[in-house]
1. Under a cut-off of 17 Å between alpha-carbon atoms, report the lysines in cross-link reach of K243, not counting same-chain residues fewer than 8 places apart.
2. First check a/c for segment 338-401, with a ≥ b ≥ c the square roots of the eigenvalues of its C-alpha gyration tensor; if it is under 1.5, answer rounded, and if not, answer prolate when a/b is larger than b/c or oblate otherwise.
3. Just in segment 310-384: which GluC sites (Glu not before Pro) are loop by DSSP and have at most 12 other Cβ atoms within 10 Å?
4. Which percent, to the nearest 5, of DSSP beta bridges fully inside the chain are antiparallel?
5. Quick one: net charge of R193's neighbours, Cβ under 9 Å, K/R +1, D/E -1?
6. What would the Debye formula give as log10 I(q)/I(0) at q = 0.11 Å⁻¹ for the alpha-carbon point model of the chain, no solvent?
7. With a ≥ b ≥ c the root eigenvalues of the C-alpha gyration tensor of segment 287-358, is it rounded (a/c under 1.5), prolate (a/b larger than b/c) or oblate?
8. Cβ under 12 Å from P343's Cβ, P343 left aside: what net charge do those residues give with Lys, Arg +1 and Asp, Glu -1?
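We did not get these values from a lab; they are worked out from the coordinates using the rules stated. Here the structure is a predicted model, which means the values were calculated and not measured. All Cβ positions, glycine included, derive from the backbone under ideal geometry; neighbour counts span all protein chains shown.
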Amino acid sequence: MKIGIIRERKNPPDRRVVFSPLACDRIRRRFPEIEWYVEPSEIRVFSDEEYEAVNIPITENMQDCDVLLGVKEVPVDALIEGKKYFFFSHTIKKQPYNRELLRAILQKNIELYDHELITAPSGQRLVAFGRYAGIVGAYNGFRAYGLKFDLFELPKAETLSDMEALLTELRSVQLPNMKILLTGKGRVGGGAREILEGIGIKEVGYEEYLTSESDGPVYCQIDVAEYNKRKDGKEFDSSDFYKNPSDYVSDFFRFAKTTDLYIAGHFYGEGAPSIITRQEMQSPDFRIRVIADISCDIDGPIASTIRASTIADPLYGYDPNSGEEVEYNAKNAIAVMAVDNLPCELPRDASEGFGKMFEEHLIPAFFDGDKNGILDRARMTYQGRLTPTYTYLQDYVDAEE
C-alpha cells in the first residue's frame, strides 16, 4: 500500500501533518506493506530533510499513491481524480463555503474519509486535535489576562516549541489571587486542565468556588450538570439534557458572579441553552473580564464571541452595553480570545498526538478488513455518490448558488 502525505495548501498556512517522520518510520516497521511518500512543503513543521533522514522519499508525484493524507481541505484544483483522501472537509454541517469542494470530490470520483467522522460505534471521535486546542487555549487565556490588566506579558504560543515551553513561561509569572472557571470535560477541557495542573493551580469543588474567595489562584472545572437546570425545577438528568435541551435553561450566572478568567472548553449542541446572554453580561454582578473561548461558537452560547480571532491577532474586546467590538483593554470591555485554529500554534506536539491516534485506530483497519467498521463510518463518498449515511447532504450538493 502506497500512502502519500500531501502538502497543506489552504490559507492561512497550517503547519500540522498527520504523521511525523518518526511516526512514519515506526508504522513502516509495524506494517512493512506500507510505502510512504511525502509531497515537499516549505511550511510543514517537519522539514523535507527530516523525512528523508528516515528514508522516506520526497516527491511531487502523488499519482501512484493509494491513499492521500492531509489535515485541512484540499483546494479543488489540487484534487487528484479517483484517489482515497483523508482530511477535514468541513462539509458535514453543510458549510456553504465548501459546497464546491464536495461537488468536485463527487465529480472526480474521489473516496473521501473525513477525520471528523472517524468514530467508535458509540459515535465517540477517535482522532482529533481537541487536546491541543485546550492546551493552547488555556495558555492564551492567561496571556490575555496578563495583557488585559497589564500584569505580565507572555510570548505567543506559536513562538514556543512545545507544551513544556508553555508551562515554563507560565511558571515564570506571578499570578494574582484569581478564580478560574473551566467548562467541559472532553478532550478540550482535559487539555486545558493539563495546563492548570501543570502550573500548580489548586482545584476546588464548585460549591466552595461559589461561596469562598480564593487565597491565591484556584480553578473549578464544571460540566453541563453544574451550569444548566431544568425549567420545571426537577432534578437534572444528563441523558435527558442531550435528548431534550429545550427543556433546560442556563444556570451559569452564579459562576459569572465569582469568576475572573473563564476558559470555555465545552461542546455546545444544537438547541442547548445559551450559557451567557448579553443581558447577563450587562449586570453589575457579572465579574468575568477575560474569556478564552476555545469552543468558539460565533453568535452562539457566549454572547461576547461575536467573531473568531486569529493567531496573528488573538484578542478583541466586547462592550457588554453596546454589544459591539472594542479594544480588549478598554475600561469596561470583556477581553475575548476566540482563535478557531488553536492547535496550529503547537504544530509539532499536535501532529505527534494526532498521528498516534490515527496509527492506533486507522492503520490497522487498512489491513484487517475494517473489522470494526471505522473506515466505513468515516467514508462520505464512493464511486461518485454520497454513501448512505451522508445522503442528507444531497440537497446541499444540488443547491443553486
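1. Within the straight-line cut-off, K243 pairs with K229, K231, K234.
2. Working: a/c = 3.66, a/b = 1.22, b/c = 3.00.
Oblate is the answer for segment 338-401, as a/c is 1.5 or above yet b/c matches or exceeds a/b.
3. Numbers: sites: E324, E325, E327, E345, E352, E359, E360; in loops: E327.
Taking segment 310-384 and a limit of 12 other Cβ atoms within 10 Å, the loop GluC sites (Glu not before Pro) found are E327.
4. Details: 14 of 49 bridges.
Close to 30 percent.
5. On the way: positive: K185; negative: E194, E197, E203.
With Lys, Arg at +1 and Asp, Glu at -1, the net is -2.
6. Taking Cα atoms of the chain as identical point scatterers yields -0.88.
7. On the way: a/c = 3.14, a/b = 2.39, b/c = 1.31.
Cα axes put segment 287-358 in the prolate bin.
8. On the way: positive: R15, R16, K72, R131, R187, R348; negative: D14, E158, D340, E345, D349, E352.
Here the charged neighbours net out to 0.
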